[in-house]
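Q: I'd like to ask you about the structure that follows.
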There are 2 protein chains.
Amino acid sequence: MSAPVYLGLVHYPIYNKNDEVITTAITNFDIHDIARTSRTYDIKQYFIIHPLETQTGLARDIINYWQEGYGSEYNPDRKEAFSILNIVPDIEKAVNHIKSVEGEYPVIVTTDARKFANTVSYAKIREDIATGNTPCLLLFGTGWGIEKSVMGKFDYILEPIYGPCDYNHLPVRAAVAIILDRLLGEAWWAK
Amino acid sequence: MSAPVYLGLVHYPIYNKNDEVITTAITNFDIHDIARTSRTYDIKQYFIIHPLETQTGLARDIINYWQEGYGSEYNPDRKEAFSILNIVPDIEKAVNHIKSVEGEYPVIVTTDARKFANTVSYAKIREDIATGNTPCLLLFGTGWGIEKSVMGKFDYILEPIYGPCDYNHLPVRAAVAIILDRLLGEAWWAK
C-alpha cells in the first residue's frame, strides 16, 4: 500500500528576482524533463499550472505533437511520459481534480529555500507516502518561488536541498529529480 | 577530508536509437542545468566533452555571454555556476587535465541502464569519495549511452537508477541531479 502522488509546476503567483509577483512563462524543457522524471517515479499526473490561455495553448500544441503527431511515432517513450500531463489554470483546479479521482483531498507538500514553521524532513514525507493512503500533491515553484500567502496554505514544506557548499541555485528540473528520488526512489543507502 | 570530484558530459562516441555510433549535439539546457547542479554539489570542473569545433565554438559563445557578457551582470549566480565549465575534445584530455591539477589520475565512474561486471552501489562510491583522496571523474553519456568498448575502460559503473515502476527514461540532466545527490548530498534519510 502506498499513497498516490501527483505533481504540479506553479507559474502563478510567483516572485521574480525583484520580489514582484508575476506569471512565469511555460518552458519546453520543463514539460519534457519533468514529465520523463515524473513518469519514472510513477507520478499519477503532472499538472502544468498556468492561468493564461496564450501560454497553455502553446503547451497543448507541444503535448499534442508528442501524444498524437509525428513525435508519438518517433519516440513512444516520450508519448508515454506525456500521457500523465494535465494543464490546469490554478492550484485549486488541480486539487479538485485529485479529489474527484481519489475521493479525498490531497496533502499539499512543497519546497522552499527558506525554513517555515511547518518545514518537515524528507524521511517523514517518504514514510507518509509509503505507509499511507491519502493522496499527496507535490508543488514546485518556478522563477524565484511561490508567493508567500499561498505558501502559507500548504500542509508541509520540505527542507531546502543542501549541497556540501553554500551555492544553492538548482534548476527546478533538478530539484524535482532529487526530491522524487528522495521520496519515492529505492533505499539505495541501505544496499 | 574528501576526494575532489569532476564531472564530464560525453558527446562522442555515443549510440543513437538505432545502435549506431554518432556524435551528439551540445544542447543549451545541458550546459545551464548541469553547471548549476554541479556547482551546488561542489564539483570542481564540469567538462563538456565534444570533438567538433563547430559545436564547441557555439558552446563557448554561450558560456562567454554568461561569464563576460550581459548575462554576467544580469545573473551573477549563473556566472558563478558557469565558472566551473571546461570544454575539451575527448575524455583523455579531461583525464589529463585532472592529473595535472591533482597530481594523480582520477578513478572514472559512469552509469548505465544495464548491469556490468564492475557495477557498484552508490553507497560504495559515496564512501570512497567521503573518505578518500583520489580524484573522481563522473562521466555521463548523452543520446542512447556511451559506446561499449569505451565503457569497458572505466573503473566503475554505478547501478541503474530504479523508480518504483518499469519506465526508465530519465533525462541526463535528471540523472546527474539524482546521482550527485546520492554521492555528495547530505544524509537526509538519517535525520
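The values are calculated or read from the model by the stated rules, or taken from the named source; none is laboratory data. Source: prediction; values computed, not measured. Cβ coordinates were reconstructed from backbone atoms using ideal geometry, including for glycine residues, and neighbour counts include every protein chain displayed. Surface accessibility is based on the protein's heavy atoms, side chains included, excluding ligands, DNA and RNA. Shrake-Rupley method; radii C 1.70, N 1.55, O 1.52, S 1.80 Å.
Q: Only Cα pairs within less than 10 Å get springs; with that Gaussian network setup on chain A, which residue of A:Tyr46, A:Tyr105, A:Tyr167 has the largest fluctuation?
A: A:Tyr167
Q: With labels modelled as points extended 7 Å from the Cα through the Cβ direction, what inter-label distance (nm, one decimal) is found for B:Glu73 paired with B:Asp19?
A: Distance between label points: 5.5 nm.
Q: Using a Förster distance of 25 angstrom, determine the FRET efficiency expected from the C-beta separation of A:Asp155 and B:Ser2, and round it to 0.05. Before the final figure, lay out the partial values.
A: Values: r = 36 Å, r/R0 = 1.46.
Efficiency computed from Cβ-Cβ geometry: 0.10.
Q: Quick check for me: using +1 on Lys/Arg Cβ and -1 on Asp/Glu Cβ, what's the dipole size of the protein assembly as shown about its Cα centre, in debye to the nearest 20? Intermediate values should be presented prior to the final figure.
A: Values: 36 positive and 48 negative charges, 89 e Å.
Value, rounded to 20: 420 debye.
Q: Can you figure out the FRET efficiency of B:Asn133 with B:Val101, using R₀ = 22 Å and their beta-carbon distance, to the nearest 0.05?
A: On the way: r = 13 Å, r/R0 = 0.61.
Efficiency for this residue pair is about 0.95.
Q: Right, next: For the stretch B:50-59, take each phi angle, set θ = phi - 60°, evaluate the Karplus expression 6.51 cos²θ - 1.76 cosθ + 1.60, and give the result in whole Hz per residue in order, putting x for glycine and proline.
A: 8, x, 9, 5, 4, 7, 6, x, 5, 4
Q: Filter the GluC sites (Glu not before Pro) in the stretch A:31-79 down to the DSSP loop ones having no more than 14 other Cβ atoms within 10 Å, then list what survives. Kindly include the intermediate steps, with their values, before the conclusion.
A: Values: sites: A:Glu53, A:Glu68, A:Glu73; in loops: A:Glu68.
Here the GluC sites (Glu not before Pro) that fit, given the DSSP loop and packing criteria, are A:Glu68.
Q: Loop-only check: which trypsin sites (Lys or Arg not before Pro) in the stretch A:79-151 are DSSP coil with at most 11 other Cβ within 10 angstrom? The partial results should precede the final answer.
A: On the way: sites: A:Lys79, A:Lys93, A:Lys99, A:Arg114, A:Lys115, A:Lys124, A:Arg126, A:Lys148; in loops: A:Arg114, A:Lys115.
Loop-located and lightly packed - A:Arg114, A:Lys115.
Q: Right, another one. Over 21 Å between C-alpha atoms is what I'm after, so list which of A:Lys115/B:Lys191; A:Lys17/A:Lys93; B:Lys17/B:Lys148; A:Lys153/B:Lys191 land there. Mind showing how you got there, number by number?
A: On the way: A:Lys115/B:Lys191 16 Å; A:Lys17/A:Lys93 27 Å; B:Lys17/B:Lys148 14 Å; A:Lys153/B:Lys191 25 Å.
Over 21 Å apart, Cα to Cα: A:Lys17/A:Lys93; A:Lys153/B:Lys191.
Q: At 222 nm, what helix-only mean residue ellipticity would chain B give, in deg cm²/dmol to the nearest 500, using -39500 (n - 2.57) for each DSSP H run of four or more?
A: Values: 8 runs with 79 residues, N = 191.
After summing the helix terms and dividing by residue count, I get -12000 deg cm²/dmol.
Q: Something else about it: Which of rounded, prolate, oblate describes the stretch A:116-182, given a ≥ b ≥ c as roots of the alpha-carbon gyration tensor eigenvalues and a/c under 1.5 marking rounded, otherwise prolate only if a/b is larger than b/c? Kindly include the intermediate steps, with their values, before the conclusion.
A: Numbers: a/c = 1.71, a/b = 1.24, b/c = 1.38.
Since a/c reaches 1.5 but b/c is at least a/b, the shape of the stretch A:116-182 is classed as oblate.
Q: Considering only DSSP beta bridges with both partners in the stretch A:14-164, what is the antiparallel share in %, to the nearest 5?
A: Details: 3 of 16 bridges.
Taking every DSSP beta bridge within the stretch A:14-164, about 20 percent pair in antiparallel fashion.
Q: What percent of all Cα-Cα pairs in chain B falls into each 10 Å bin, going from 0 up to the bin containing the maximum distance?
A: Going out from 0 Å in 10 Å bins, chain B shows 9, 36, 39, 15, 2 percent.
Q: Here is a further query. Skip the ligands, DNA and RNA, and give the accessible area per residue of the protein assembly as shown with a 1.4 Å probe, whole Å².
A: Numbers: 16740 Å² over 382 residues.
I get 44 Å² per residue for this part.
Q: Measure off, as a whole percent, the carbon and sulfur share of the 1.4 Å-probe accessible area of the stretch B:5-184, all protein chains present. Walk me through the numbers on the way to the answer.
A: Values: 3850 of 7740 Å².
On the stretch B:5-184, the fraction of accessible area on carbon and sulfur atoms equals 50 percent.
Q: Could you compute the FRET efficiency for A:Thr54 and B:Lys115, with r as their C-beta to C-beta distance and R0 at 45 Å, rounded to 0.05?
A: The value I calculate is 0.40.
Q: Further question: Among residues other than A:Tyr12 whose Cβ falls under 10 Å from its Cβ, what is the net charge (Lys/Arg +1, Asp/Glu -1)? Mind showing how you got there, number by number?
A: Values: positive: none; negative: A:Asp90, A:Glu147.
Neighbour charge sum, excluding A:Tyr12 itself: -2.
Q: Provide Rg and Dmax in Å for the protein assembly as shown, with only Cα atoms included in the calculation.
A: 20.5, 62
Q: Could you please report the charge total around A:Glu68, scoring K, R as +1 and D, E as -1 over all other residues with beta-carbon less than 13 angstrom from its beta-carbon?
A: Working: positive: A:Arg60, A:Arg78, A:Lys79; negative: A:Asp61, A:Glu73.
After counting each charged neighbour, the total is +1.
Q: Further question: Interface size between chain B and chain A, please: total buried accessible area, 1.4 Å probe, rounded to the nearest 100 Å².
A: Values: alone 10460 and 10430 Å², together 16740 Å².
It comes to approximately 4200 Å² buried between B and A.
Q: Antiparallel as a % of all DSSP beta bridges within the protein assembly as shown, to the nearest 5? Don't skip to the end; give the middle numbers.
A: Values: 6 of 52 bridges.
Counting DSSP beta bridges with both partners in the protein assembly as shown, the antiparallel share is about 10 percent.
Q: Further question: Take the alpha carbon atoms of the stretch A:103-150, find their center, do the same for the stretch B:119-143, and report the distance between the two centers in whole angstrom.
A: 31 Å
Q: Follow-up question, since we're still on this one. Choose one answer from A:Leu85, A:Leu170, A:Leu139: the residue with the largest mean-square fluctuation in a GNM of chain A with alpha-carbon springs under 10 Å.
A: Comparing A:Leu85, A:Leu170, A:Leu139 in a Gaussian network model of chain A, the most mobile one is A:Leu170.
Q: Right, something else. Between B:Leu137, B:Leu180, B:Leu58, where does the largest GNM mean-square fluctuation fall for chain B, given springs only between Cα atoms within less than 10 Å?
A: B:Leu58
Q: Follow-up. Using +1 at the C-beta of Lys and Arg and -1 at the C-beta of Asp and Glu, which of B:Leu58, B:Ile146, B:Leu184 has the Cα lying farthest in the positive direction of the dipole of the stretch B:5-184?
A: B:Leu184
Q: Further question: With the cut-off at 1.5 for a/c, could you classify the stretch B:1-98 from its C-alpha gyration tensor as rounded, prolate or oblate? Don't skip to the answer; put the middle values down first.
A: Numbers: a/c = 1.97, a/b = 1.30, b/c = 1.52.
The shape class here is oblate.
Q: Might you report the magnitude of the Cβ-based charge dipole of the stretch A:5-184 about its Cα centre, with Lys and Arg at +1 and Asp and Glu at -1, to the nearest 20 debye? If you can, show how the numbers build up before the last one.
A: Working: 17 positive and 23 negative charges, 40 e Å.
With only Lys, Arg, Asp and Glu charged at Cβ, the dipole is about 200 debye.
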